[in-house]
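Peer 1: Can you keep this structure in mind? I'll have questions shortly.
Read-outs: derived from the displayed coordinates by stated rules, not from any lab. This structure is a prediction, so every number in the text was calculated from the model and none was measured. All Cβ positions, even for glycine, are placed from backbone atoms using ideal geometry, and neighbour counts span all protein chains on display.
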Amino acid sequence: LERTFSIIKPDATERNLTGAINAVIEKASLRIVAQKRILLTRAQAEQFYAVHSARPFFGELVDFMISGPVVVQVLEGEDAIATYREVMGATNPENAAEGTIRKLFAKSVGENSVHGSDSPEAAQVEIAQFFAGNEIV
Ligand code: ATP
Ligand code: MG
């Protein structure tokens, strides 16, 4: 089994969609093996999205990610990384397939409801940024 890191973003927590998104996650046979609701600090958000620091939308992205609570999660399952990317749908909800989280819930390419790791290396780094080993069960 593989693990991936997920964030339910502020646009989704604001609309009380945590449970609805978790239902889609669980229906896709991903198990939520760690979860907490937190307010990211600016430093945490900047560190988390450091790979995008040169992109024109970086400032907007960090401001958005600290605009309200997020739910950080570890998901476990068969091919969890690819499975969750599929369940999330395309970054821009206009391009997201029917039934995906972003098609169902995202407001825009920026406020797109969820994050999911895009590689095993990223998953390992991202999980370690937010969870101790004994918090994942
Ligand atoms: P994530 O990394 O959050 O799972 P992703 O891998 O689908 O999303 P990335 O290209 O890694 O997409 O972009 C990271 C995040 O930056 C996006 O989820 C979105 O919130 C924001 N973003 C990406 N492109 C744009 C854009 N053109 N304008 C505004 N925000 C954007
Ligand atoms: Mg990404």
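Peer 1: All but one of (1) within 13 Å of ligand 2 (Cβ to nearest atom); (2) on the phi > 0 side of the Ramachandran plot hold for Gly99; which doesn't?
Peer 2: Every listed condition holds for Gly99 apart from (1).
Peer 1: For residues that are among the polar types (S, T, N, Q), more than 14 Å from ligand 2 (Cβ to nearest atom), under 22 Å from Phe48 (Cβ atoms) and without any contact (Cβ under 8 Å) to a residue 40 or more places away in the chain, tally how many sit in segment 64-96.
Peer 2: Total meeting the criteria: 0.
Peer 1: Testing Glu76 on (1) over 23 Å from Pro120 (Cα atoms); (2) touching a Leu at 6+ places or on another chain (Cβ under 6 Å), one condition comes back false. Which one is that?
Peer 2: It fails just one condition, (1).
Peer 1: Next up: Say we look at segment 116-126 and pick out the residues that are under 21 Å from Leu61 (Cα atoms) and surrounded by fewer than 21 Cβ atoms within 10 Å (Cβ to Cβ); which of these is farthest from ligand 2 (Cβ to nearest atom)?
Peer 2: Taking segment 116-126 as the starting set, the residues that turn out to be under 21 Å from Leu61 (Cα atoms) are 116-119, 122-123, 125-126.
Adding the requirement that they be surrounded by fewer than 21 Cβ atoms within 10 Å (Cβ to Cβ) leaves 118-119, 122, 125.
Numbers: Asp118: 5, Ser119: 10, Ala122: 8, Val125: 12 Å.
Only one residue tops the list, namely Val125.
Peer 1: Now for a separate question. Name the single residue that is farthest from ligand 2 (Cβ to nearest atom) among those in segment 1-10 being within 18 Å of Val109 (Cβ to Cβ) and either over 12 Å from the mean Cα position of the chain (by Cα) or part of a strand (DSSP E or B) (or both).
Peer 2: So in segment 1-10, the residues within 18 Å of Val109 (Cβ to Cβ) come out as 7-10.
Now drop any that are not either over 12 Å from the mean Cα position of the chain (by Cα) or part of a strand (DSSP E or B) (or both), which leaves 7-8.
Values: Ile7: 10, Ile8: 15 Å.
This residue is Ile8.
Peer 1: Can you name the condition, by its number, that Pro56 falls short on among (1) in contact (Cβ under 8 Å) with a residue 40 or more places away in the chain; (2) within 10 Å of ligand 1 (Cβ to nearest atom)?
Peer 2: Of (1) in contact (Cβ under 8 Å) with a residue 40 or more places away in the chain; (2) within 10 Å of ligand 1 (Cβ to nearest atom), only one is false for Pro56: (1).
Peer 1: Which of the residues that make up segment 100-130 are away from ligand 1 (no atom under 12 Å from the Cβ), within 12 Å of Ile21 (Cα to Cα) and either in contact with a His (Cβ under 8 Å, 6 or more places away or on another chain) or in contact (Cβ under 8 Å) with a residue 40 or more places away in the chain (or both)? So that I can check it myself, show each step before the final result.
Peer 2: If we filter segment 100-130 for residues that are away from ligand 1 (no atom under 12 Å from the Cβ), which is where we start, we get 103-105, 120-121, 124-125, 127-130.
Going one step further and asking which of them are within 12 Å of Ile21 (Cα to Cα), we end up with 103-105.
Correct list: Leu104, Phe105.
Peer 1: Suppose we filter Leu104, Leu40, Leu30, Leu61 for residues that are within 13 Å of ligand 2 (Cβ to nearest atom), more than 12 Å from the chain's Cα centre (by Cα) and buried (at least 16 other Cβ atoms within 10 Å of the Cβ); which single one remains? Working first, answer last.
Peer 2: Working: Leu104 fails: within 13 Å of ligand 2 (Cβ to nearest atom); Leu40 fails: within 13 Å of ligand 2 (Cβ to nearest atom); Leu30 fails: within 13 Å of ligand 2 (Cβ to nearest atom).
Just a single option satisfies the conditions, and that option is Leu61.
Peer 1: Hey, among Val70, Val87, which residue is of a type in the set (Val, Ile, Thr) and more than 14 Å from Lys9 (Cα to Cα)? Spell out the reasoning first.
Peer 2: Details: Val70 fails: more than 14 Å from Lys9 (Cα to Cα).
Among Val70, Val87, only Val87 is of a type in the set (Val, Ile, Thr) and more than 14 Å from Lys9 (Cα to Cα).
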